[in-house]
Amino acid sequence: MKKALLIVNPNSGKKEGRALSNHVASHLAESFESVDVRVSSCATDVESWAREAREREYDAVFVMGGDGTVGLSLRGLFEGVLEGERMPAFGLIPGGTGNGLARTLGIVPDALRAVESYDFSRTVPFDIGTVNGRPFAYTVTGGTLPEGIREVSPELKSRYGFLAYVASTILRMGNDEHHALRIVVDGKEWEEDFSSFSAFSANALVNEFALHQTSVSDGEIHLIALRNASLPSLLSILPDIVTRAIDGDDQVLFVHGKTIEVSCVDGDLRCGVDGDDGPCLPVKLGVRPGALRMFALKGDL
């Protein structure tokens, strides 16, 4: 391949992006004739550079950052895209705090080891999840527990990493706040009280405790909703987590489909998208099957 673009978020994770970017670029230069390194200063940079990579027909675009940065790059890549338009191959270099998408893809949470793990001669299809028509990288969330995660400040993320998310979640356990939600999956409807929900196109963590296995190319959107996020309720789910049967637990609604619509019938509720603030309900979730080609990992068949 000839041209690669490396987009770096210097403020992700523990703010090591800028320092590591030269090492990552050096490794990429062994497989690409030219590597254009761009260090972002704002969200607009990430979106516009990703869009530029598509419009200028780069062979590959790599994003070094967390789920939020990856989500911004996907918005840029798909903004204004025409049917059949050539897309660059995509590579993720983990640099965030949670790195949920990287975990789902089996990418090690270390930038240098991650870039070395790619096989640049092969790509695999990757479904793009959408919320109100806009791409997201990892999750669309709402309710008690996700609100706690979104309230973690950039300073705490940088200082304590993933532990900041864990602490925030624990502090919110026992909150009995509920929302009356209407969830419609391919025409089938549920309307009841829920504490939290999370929607995603694939999630490695969910695959550890559910019989229904999500995949990055199954052409579906998945949603898991908790009817109660109190500590006793969460503890009652543990046996089903251990036996990978949480999708049969009466405290959990786990659904899958081509489209999922979520609305709040008793007030206002704002979603989180890839860990940041997103739109208020109602939202419509969809999927673009195999819309992106991602570099394969060495050893994957």
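SER217 passes every criterion in (1) part of a loop (DSSP other than H, G, I, E, B); (2) modelled with pLDDT under 90 apart from (2). Checking every residue in the stretch 13-35 against the condition of being part of a loop (DSSP other than H, G, I, E, B), over 20 Å from ILE128 (Cα atoms), among the small types (Gly, Ala, Ser) and open to solvent by 40 Å² or more (accessible area, probe 1.4 Å) gives at least one match.
Only one of the numbered conditions (1) of a type in the set (A, V, I, L, M, F, W, C); (2) open to solvent by 10 Å² or more (accessible area, probe 1.4 Å); (3) under 29 Å from SER215 (Cα atoms) is violated by LEU101, and that is (2).
Each row is one residue, and each column tells you yes or no for (1) in contact with a Lys or Arg (Cβ under 8 Å, 6 or more places away or on another chain); (2) part of a helix (DSSP H, G or I); (3) free of Cβ contacts under 8 Å to residues at least 12 places away in the same chain.
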{"residue": "LEU5", "(1), (2), (3)": "yes, no, no"}
{"residue": "ARG38", "(1), (2), (3)": "no, no, no"}
{"residue": "ARG54", "(1), (2), (3)": "yes, yes, no"}
{"residue": "MET64", "(1), (2), (3)": "no, no, no"}
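Given the stretch 145-214, what helices (runs of 4 or more DSSP H) lie entirely inside it while holding 1 or more residues that are open to solvent by 50 Å² or more (accessible area, probe 1.4 Å) and modelled with pLDDT under 50? Walk me through how you get there before you give the answer.
Details: elements: 154-160, 162-172, 204-207.
Correct list: 154-160, 162-172.
Every test in (1) open to solvent by 10 Å² or more (accessible area, probe 1.4 Å); (2) part of a strand (DSSP E or B) is passed by LEU285 save one, and that test is (1).
Scanning the stretch 62-96 for residues that are of a type in the set (Val, Ile, Thr) and surrounded by fewer than 24 Cβ atoms within 10 Å (Cβ to Cβ) returns a single hit, VAL81. Inspect the stretch 2-9 for any residue being on the phi > 0 side of the Ramachandran plot, modelled with pLDDT under 95 and surrounded by fewer than 17 Cβ atoms within 10 Å (Cβ to Cβ) and give the result as yes or no. Checked against the condition, which is being on the phi > 0 side of the Ramachandran plot, modelled with pLDDT under 95 and surrounded by fewer than 17 Cβ atoms within 10 Å (Cβ to Cβ), the stretch 2-9 yields no hits at all.
With in a helix (DSSP H, G or I), at pLDDT 95 or above, charged (D, E, K, R) and within 19 Å of PHE200 (Cα to Cα) as the only criterion, which of ARG103, ARG75 stands out?
ARG75
Scanning the stretch 247-276 for residues that are touching a residue at least 40 places away in the same chain (Cβ under 8 Å), touching an Asp or Glu at 6+ places or on another chain (Cβ under 7 Å) and open to solvent by less than 20 Å² (accessible area, probe 1.4 Å), which turns out farthest from SER201 (Cα to Cα)? Among those that are touching a residue at least 40 places away in the same chain (Cβ under 8 Å), touching an Asp or Glu at 6+ places or on another chain (Cβ under 7 Å) and open to solvent by less than 20 Å² (accessible area, probe 1.4 Å), it is ASP274.
The values are calculated or read from the model by the stated rules, or taken from the named source; none is laboratory data. The model shown is predicted, which means the values in this text are computed figures rather than measured ones. Methodologically, a virtual Cβ is constructed for each residue, glycine included, from the backbone with ideal geometry; neighbour enumeration extends over all protein chains shown. With ligands, DNA and RNA removed, areas are computed over all heavy atoms of the protein, side chains included. Shrake-Rupley method; radii C 1.70, N 1.55, O 1.52, S 1.80 Å.
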